[in-house]
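Only the coordinates and a few stated rules stand behind these numbers; no lab work does. Remember, it's a predicted structure, so these values are computed and weren't measured experimentally. All Cβ positions, even for glycine, are placed from backbone atoms using ideal geometry, and neighbour counts span all protein chains on display.
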Amino acid sequence: MNYQQLLALFKETHLELQQRAARSVDTSLVIRNWLFGWYIVEFEQGGAERSELYGKGLINRLSKELKTLGLKGISSTNLKLCRTFYLVYQKIGQTPSDQSFEVSADLQKIQQTLPVTSFDAIASAPKMLQKLSATLAGSFALGWSHYVALLTISNADERRFYEIEAHENSWGVRELDRQISASLYERLALSRDKDGVRQLSEKGLIIEKPSDAIKNPFVLEFLDLEEKSAYSEHALETAIIDHLEHFLLELGKGFLFEARQKRFTFDNDHFYVDLVFYNRLLRCYVLIDLKRDKLTHQDLGQMQMYVNFFDRYVKTADELPTIGILLCHRKHDALVELTLPKDSNIFASKYQLYLPSKEELKRQLEEAAGIEHPENPDQEGIGDVR
């Protein structure tokens with residue numbers, strides 16, 4: 001293939017995918033950009049002659065000349081993204097809706113010939129391009145903007161987790177960006193063993209038991225409350241209700257809101273649960289109490305009473321035991337372990353009103369894995385978790 005054939009291939013691909021745009025704009029754009037990335041990588045690897053002739057200026061030259069052909073979205077920056085996208089997603093065929101790593105038979109046949117004949121063959125056989133683009137359609141479940149966000153993540157397991165979660169929860173790009181910035185993967189990983197972390201990257205977040213719904217910390221930066229002692233628990237609760245949609249997203253899968261300040265009466269005394277939710281996946285009530293300051297054993301005892309009341313007088317026989325979550329600004333793990341039985345359905349978790357520090361989460365993950373930190377703070381540690 002010569003350079004003119006390369007230009008013609010870009011144009012033909014653009015026109016082929018443009019015809020599919022009416023049915024699926026986002027998917028077509030993703031396929032087009034994957035193919036563009038593949039063309040660039042294959043052309044760059046086509047031998048020393050091409051390398052010397054075009055060198056580092058290939059992408060800039062392509063961008064300039066493709067614009068004269070009327071193609072859009074082919075700036076040098078976008079073409080570099082296409083190249084990166086292909087390199088990251090070379091092993092296509094695994095989609096969030098299909099957890100196996102097997103590639104479809106048609107695509108597997110095409111991939112087996114890529115290094116030898118397929119690249120040149122597609123340039124001279126439009127029908128093969130049609131077949132390839134149709135095969136690729138089942139390999140990508142998100143829009144291009146989602147993949148651009150995912151490409152900012154260098155850890156393959158973490159990237160895979162966000163890809164699955166974005167697809168299964170229908171996250172828009174803004175919510176995906178927010179979950180990445182809020183370090184959802186790392187926060188979930190902190191409460192899991194190695195097998196649990198591996199499951200996150202292979203299947204996403206699976207809610208099967210109460211602890212699966214717990215994050216540490218819960219990040220509530222969307223409340224726009226400053227980190228200060230001036231506001232009360234009531235103000236925190238009101239802010240959560242005002243941003244209930246965001247709070248439900250932070251809680252995770254399956255949560256439904258039932259009541260605020262849910263009152264129940266026992267022995268002529270009135271008690272109030274700050275927030276009552278129901279999780280349809282766990283099939284149980286979830287009670288949340290907010291603590292502005294340090295968690296105490298009295299708080300744990302009070303939540304135990306709330307949970308007992310719901311288990312005995314509210315839940316039905318076919319529902320599972322109630323879960324209690326204490327969201328606190330500060331907590332002492334030893335106090336929680338000493339106060340609650342090991343099989344308790346009560347959990348204490350910190351909340352914070354700012355996006356977490358990647359460095360701090362990295363340190364916590366290293367500590368959980370038993371990795372020692374260098375005494376010299378300037379000494380380089382292990383690679384970033386992202």
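Across region 189-205, coupling constants 3J(HN,Hα) worked out from phi with the 6.51/-1.76/1.60 Karplus curve, θ = phi - 60°, read 5, 5, 9, 10, 7, 4, 5, x, 5, 5, 5, 4, 6, 8, 10, x, 7 Hz, and Gly and Pro carry x. In order along region 263-277, the Karplus-derived 3J(HN,Hα) couplings, from 6.51 cos²θ - 1.76 cosθ + 1.60 at θ = phi - 60°, round to 9, 9, 10, 9, 6, 6, 10, 9, 10, 10, 8, 3, 9, 10, 10 Hz, and Gly and Pro are given as x.
A simple rule links phi to the HN-Hα coupling: the Karplus curve 6.51 cos²θ - 1.76 cosθ + 1.60 with θ = phi - 60°, which for region 83-91 gives 4, 5, 4, 5, 4, 6, 10, 5, 8 Hz, with x for Gly and Pro.
If each residue of separation counts as 0.36 nm, what is the full-extension length gain between THR238 and THR84 once their alpha-carbon separation is subtracted?
Numbers: separation 154, 0.36 × 154 = 55.44 nm, distance 4.42 nm.
My answer for the length gained is 51.0 nm.
Most tightly packed first, judged by the mean number of other beta-carbon atoms within 10 Å of their residues, the peptides 152-161, 168-177 read 152-161, 168-177. Near the amide H of GLU319, within less than 5 Å, lie no amide hydrogens of residues on another chain or at least 5 residues away, with H placed in the peptide plane. Between ASP318 and LEU281, the modelled labels are 2.1 nm apart [label points 7 Å from Cα along Cα→Cβ]. By the rule of a C-alpha distance below 17 Å, with chain neighbours fewer than 8 residues away ignored, the lysines paired with LYS91 are LYS109. Listed peptides 140-147, 241-248, 317-324 appear in the order 140-147, 317-324, 241-248 once ranked by packing, highest mean of other Cβ atoms within 10 Å at the front. Label sites at LEU248 and GLN45, each approximated as a point 7 angstrom past Cα along Cα to Cβ, lie 4.6 nm apart.
Using the Cβ-Cβ distance between HIS270 and ARG174 with R0 set to 51 Å, the FRET efficiency from 1/(1 + (r/R0)^6) comes to roughly 0.80. The H on the amide N of ILE346, modeled in the peptide plane, is under 5 Å from the matching H of GLY324, each at least 5 residues off or on a different chain.
Does region 211-356 classify as rounded, prolate or oblate by the C-alpha gyration tensor (a ≥ b ≥ c root eigenvalues; a/c under 1.5 gives rounded; else a/b over b/c gives prolate, otherwise oblate)? In terms of gyration-tensor shape, rounded.
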